[in-house]
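The values are calculated or read from the model by the stated rules, or taken from the named source; none is laboratory data. No experiment lies behind these values; they were computed from the predicted model shown. Positions of Cβ are backbone-derived with ideal geometry, glycine not excepted, and every protein chain shown enters the neighbour counts.
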Ligand SMILES: Nc1ncnc2c1ncn2[C@@H]1O[C@H](COP(=O)(O)OP(=O)(O)OP(=O)(O)O)[C@@H](O)[C@H]1O
Ligand SMILES: [Mg+2]
């Protein structure tokens, strides 16, 4: 796309997609913005006038706001930590030649195809159920008291469920990155006297740096919005109320659309701050 | 010290035997070149010596020590890869220092050796760049730098110049020869370029399909190729190989004569032919002579000034004492 004619042709052909995308994004965003400045209670009288920034002040002033932010950050951070570390290990493992490689790879990717609601329910009922869950059987088998996962270790449970969902994504991206590593580099390091761990630390990990930042970037944006896993398990109780869940409660449980919309705008701002921050890091990495 | 002995070494990948039993001795301080056509097992042989592949059977001894169980790092060998295999995220300085860092040398000693190697290889100005910001020749020198700082018992080069352009190749060839003269370390050099082999080697090992066809100094191989394969492989342009009645006159199945051992004349000679393509190099001219009735074309070298045109009839006379004779198995007749 170097000539003027081809550039404008390209713009013309891109236009429908761009316009559709903009409409798709802008319409809900604008509506959220409009609602956030209204006192709007659908079941209790509907629109009750413009209130300026009152909703914003109330949302941030509520005792639930900061704990929700904290919960969100812990869940996102925990899931990132688990998926990146396990993802690297799994990617290295899957990169080794072994029998039934194709099958194993498909199995590893499988959790990604399970809908969040389904996986949340499966974990809740099959694994974490205090009476009949597999985990409680395992605990009893060793003579321990079963953990009541979703209430006693609620955060850990949510982090585990979401990690299980996202591990395949991390593994897949990291696996392709590992496969693009020149095997002669590893051999050169081997000849240079680097033992296995040093080879990992000095050659493989730096090679993966870019892929890791991309995994973190994409996952963070999606993880900030996790909802279904919480909805079908703890319903936001036991300290698992994230920002997204708080907004949901404000809108649907308290029937306060204005307040929820203000929260939604906060969430958009938060996601953008994260995205910008991460883009900068990725950008720095991509420069090399 | 760096004597390398291969005894009955074989290598198979699954059912495919790449190296049939092979014996070879590389003396300390020798510059040995492995040459052979693509896929003949040169890299495999080098990787066996390096320890990057396990031998299927047989033994490799480095300085008398059997090295079957010695990991690559402990063999005291340094390898320069065809793709250079530099670490892209490290600066030139860190690349060169990497083996020293792994060996646990202190920082001052690392810096000293890196500076020294950089000075030898003209890399001092580039020490803080990354490999991606260097030219091909500079990358090549960094790879060599990374090898020399370890002060290895022997260097292994796998086609180190094949990614460089012709002019740079000549320059690097001289630099590597120079390096060998100064360090006097054993070097094994893999190439399929017979000019590199002829100009650099103390000893050439000609390989075909994993077999050693001949081992000897460049001049030995040039003067007395042991068989047709070596005769055709060593020397540029290739030796003219002539069969049929002309060969029978010399009691051989095939005779060979190098382009530079044929004299050329406009009036008279043993053979006659018509000039086809001529290549003027300035110093020399190569004529590809057709219709001689001997072989499809006969290549002849003449002085740069000699000027025949396409289609001229010329006469050729081989120098009898430079004629090579081969029997029906393709082996040299003494
Ligand atoms: N890992 C492997 N598995 C199976 N076959 C292999 C393997 N490595 C090499 N070979 C085979 O061994 C033979 C020799 O390969 P090698 O790389 O040693 O050739 P080479 O002489 O270095 O050729 P080139 O000049 O093209 O580099 C080839 O036929 C190749 O297909
Ligand atoms: Mg090779």
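Points to keep in mind about this one:
- Residue that is nearest to the chain's Cα centre (by Cα) [pool: residues in region B:16-45 that are within 10 Å of ligand 2 (Cβ to nearest atom) and either in a loop (DSSP other than H, G, I, E, B) or outside the structural domain of residue B:198 (by TED's automatic domain parsing) (or both)]: B:36
- Here the helices (runs of 4 or more DSSP H) wholly within region A:120-188 that include at least 1 residues being under 19 Å from the mean Cα position of the chain (by Cα) are A:154-179.
- Within region B:101-114, the residues that satisfy the criterion of being assigned to a helix (DSSP H, G or I) and more than 9 Å from every other protein chain (Cβ to nearest Cβ) are B:107, B:108, B:109, B:110, B:111, B:112, B:113, B:114.
- Residue within region B:145-164 that is in the same structural domain as residue B:18 (by TED's automatic domain parsing), within 15 Å of the chain's Cα centre (by Cα) and farther than 30 Å from residue B:13 by Cβ present: no
- For region B:81-92, a residue qualifies if it is over 14 Å from residue A:189 (Cβ atoms) and modelled with pLDDT of 90 or more, and the qualifying residues are B:91, B:92.
- Tabulated pairs, region B:42-70, first over 13 Å from residue B:158 (Cβ atoms), second within 12 Å of ligand 1 (Cβ to nearest atom) and in a strand (DSSP E or B), C-beta under 7 angstrom, 6+ apart or interchain: B:55/B:11; B:56/B:11; B:56/B:12
- Subset of region B:195-218 that is farther than 29 Å from residue B:16 by Cα and buried (at least 17 other Cβ atoms within 10 Å of the Cβ) - its residue that is farthest from the chain's Cα centre (by Cα): B:218
- Test: residue in region B:142-156 that is within 14 Å of another protein chain (Cβ to nearest Cβ), more than 17 Å from residue B:81 (Cβ to Cβ) and away from ligand 1 (no atom under 16 Å from the Cβ): yes
- Of the helices (runs of 4 or more DSSP H) lying entirely inside region A:192-273, those containing at least 3 residues that are within 22 Å of the chain's Cα centre (by Cα) are A:205-223, A:228-232, A:243-248.
- Within region B:46-69, considering residues that are at pLDDT 90 or above, within 14 Å of chain A (Cβ to nearest Cβ) and assigned to a loop (DSSP other than H, G, I, E, B), the one surrounded by the most Cβ atoms within 10 Å (Cβ to Cβ): B:51
- Test: residue in region A:49-66 that is over 28 Å from residue A:237 (Cα atoms), without any contact (Cβ under 8 Å) to a residue 12 or more places away in the chain and more than 23 Å from the chain's Cα centre (by Cα): yes
- Enumeration of residues in region B:70-90 that are more than 25 Å from the chain's Cα centre (by Cα) and surrounded by fewer than 17 Cβ atoms within 10 Å (Cβ to Cβ): B:70, B:71, B:74, B:88
- Residue in region B:19-40 that is within 16 Å of ligand 1 (Cβ to nearest atom) and within 14 Å of chain A (Cβ to nearest Cβ) present: no
- Only one of the listed residues (B:178, B:151) is farther than 18 Å from residue B:34 by Cα and either within 16 Å of ligand 2 (Cβ to nearest atom) or in a loop (DSSP other than H, G, I, E, B) (or both). That residue is B:151.
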